[in-house]
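Colleague: Handing you a structure now.
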Amino acid sequence: MRDTTVLISGASIAGPALAYWLHRHGFTPTVVERATAVREGGYKLDVRGAALDVLDRMDLLEAARAAATDMRTGTIVDAEGKTLAVMDADLTGGRADGDVELMRGDLARILHDATRDDTEYLFGDSIASLTQHPHGVEVTFDSGTTRTFGLVIGADGLHSHTRRLVFGDETPYIRHLGHHIAIHTAPNHLGLDRREMIHPAPGRTALTYSTAGDTNAKAMYLFASPATPYDHRDTAHQKRLLAEAFTGARWEVPTLLAAAQDAPDFYFDSISQVVMDHWSRDRVALVGDAAYGPSPASGQGTSLSLVGAYVLAGELAAADGDHTVGYAAYEQRMRPFAEANQALAENNLKGMVMGSAALIWFQTRMLRLMPRIPGGRRMIARIADGIHRAATAIEIPDYSAAGNLRAGRTASDMNAAAAHNVPATYQARL
Ligand SMILES: Cc1cc2nc3c(=O)[nH]c(=O)nc-3n(C[C@H](O)[C@H](O)[C@H](O)COP(=O)(O)OP(=O)(O)OC[C@H]3O[C@@H](n4cnc5c(N)ncnc54)[C@H](O)[C@@H]3O)c2cc1C
């Protein structure tokens, strides 16, 4: 094998999943994470489609199911707190049979537990600079250490530091979807038990929920707004932007906003996607949100991260560690899948944040009436169908044996490889 040492930046979802598969294929992964430990908490997210298959192949699907949020209902309320519609939680989350919803922190912990014995983790550190040489990448860490790795992979999220070091400023790669999002832990002052309360108002939606086993609640806010410059480290400024966006909001919003002030885990960002022509440059590649973040509105970022990690490691192994071949094959297989899932976001957003009182009135009436009319539940299920189609829009090969890999490739793959002018060595391998 050519390049066996791989430095991965980021220990959330894509990073540990990639470390897992690289190790299984005989590489030696090291993961550097800026935080001092696995980041706990976060929000609830769904794992769907092909990503369930990846978790299953890692023998982690049962662990993920055991950590499921077990949410029961989503209730839409008006400004006075009056119930407008009560929905099944799976419907609120657009889940199909078998999809699993769990907290981001729980999934990160499961992935870390599955990799910690075989992977070197460097917490509380970050790549300060990197220099690509013909035979490796020389990396200097913030801690001052310098080491050389065969390959470097950025799994460091939407605002990827690795991407900035190698591809430059993020501006050309970030597609703002016209909204912002904020999330934080809050006291469960409504006594919610596996229930979510959602208050939509024109141009802004606030919600709160509490999952199985959580004594607290989460508050989440989505609001329409143009791209706004803000410092990612200045949470005081971010809280002011949030408060401005929800000025005059009613229901429980003032109480939730007050809780935001003391929240230990305040998160604020634009709802944006990452769109890049190429996901690698020489020996450095990107995976997960760093390369093709679909935005929280797609509900597919985690699934893309898990599948992307699996495919990247598998293609590198199939190429015997030759990154020129492995990176090209990874991109060729993943790109249509990433695009299909990114395409979900804008439509989903229209249902999450509505532009007018009339739209809110219409949507809540429809949600209330649909389950009661003949065929209504089937019409609702079609919403989940679109997500499910995108979530399964990739065939993931079995990379465990070279023979299987060859068998997994179809004639159209081969033609596509030729059309994309994939390096000759790769075509020979096919
Ligand atoms: C509210 C919300 C709801 C969501 N719901 C869903 C859902 O239902 N389904 C779904 O599939 N996805 C969902 N997502 C998206 C999902 O969380 C992301 O797509 C996913 O976490 C991406 O994983 P990642 O590992 O690529 O990046 P991230 O999870 O962003 O992790 C990046 C990691 O890199 C680390 N890092 C950053 N900079 C550095 C540095 N300089 N050096 C070292 N480490 C660094 C960070 O600390 C972090 O640990 C949701 C997101 C949000 C915000």
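Colleague: Does region 174-202 hold any residues that are within 14 Å of the ligand (Cβ to nearest atom) and within 12 Å of residue 272 (Cβ to Cβ), and which are they?
Modeller: 174, 177, 179, 180, 181
Colleague: Follow-up question, since we're still on this one. If residue 40 meets every condition in (1) near the ligand (Cβ under 7 Å from one of its atoms); (2) over 15 Å from residue 312 (Cα atoms) apart from one, which number is that one?
Modeller: (1)
Colleague: Give all pairs with beta carbons closer than 8 Å in which a residue from region 172-186 that is over 14 Å from residue 270 (Cα atoms) meets a residue that is within 14 Å of the ligand (Cβ to nearest atom) and open to solvent by 20 Å² or more (accessible area, probe 1.4 Å); count only pairs at least 6 apart in sequence or on separate chains.
Modeller: 184/265; 184/266; 184/267; 185/41; 185/265
Colleague: Hey, can you tell me all the residues within region 254-285 that are away from the ligand (no atom under 16 Å from the Cβ) and surrounded by 21 or more Cβ atoms within 10 Å (Cβ to Cβ)?
Modeller: 257, 283
Colleague: Further, regarding this structure: Among the residues in region 101-115, are any among the polar types (S, T, N, Q) and surrounded by 21 or more Cβ atoms within 10 Å (Cβ to Cβ)?
Modeller: yes
Colleague: Just the residues that are open to solvent by 20 Å² or more (accessible area, probe 1.4 Å), more than 9 Å from the ligand (Cβ to nearest atom) and out of contact with any helix residue (DSSP H, G or I) (no Cβ under 7 Å at 6 or more places or on another chain), please, taken from region 130-142.
Modeller: 131, 132, 133, 134, 135, 138, 140
Colleague: Residue check: is residue 94 closer than 25 Å to residue 18 by Cα and not charged (D, E, K, R)?
Modeller: So residue 94 does not fit the description; no.
Colleague: Would you mind stating whether residue 90 is more than 10 Å from the ligand (Cβ to nearest atom) and either of a type in the set (Phe, Trp, Tyr) or farther than 26 Å from residue 398 by Cα (or both)?
Modeller: Judged against the criteria, residue 90 is a match.
Colleague: Look at residue 152 and say whether it is part of a strand (DSSP E or B), hydrophobic (A, V, I, L, M, F, W, C) and over 22 Å from the mean Cα position of the chain (by Cα).
Modeller: Considered against the rule, which asks whether it is part of a strand (DSSP E or B), hydrophobic (A, V, I, L, M, F, W, C) and over 22 Å from the mean Cα position of the chain (by Cα), residue 152 comes out as no.
Colleague: Also, quick follow-up: For region 2-20, give me the residue count where each residue is farther than 13 Å from residue 153 by Cα and either within 14 Å of the ligand (Cβ to nearest atom) or open to solvent by less than 10 Å² (accessible area, probe 1.4 Å) (or both).
Modeller: Qualifying residue count for the region: 3.
The values are calculated or read from the model by the stated rules, or taken from the named source; none is laboratory data. These numbers were taken from a predicted model, which means no experiment stands behind them. Glycine gets a Cβ as well: all are built from the backbone with ideal geometry, and neighbour counts include every protein chain shown. To get the accessible areas, we keep the full protein, side chains included, count just its heavy atoms, and leave off ligands, DNA and RNA. Shrake-Rupley method; radii C 1.70, N 1.55, O 1.52, S 1.80 Å.
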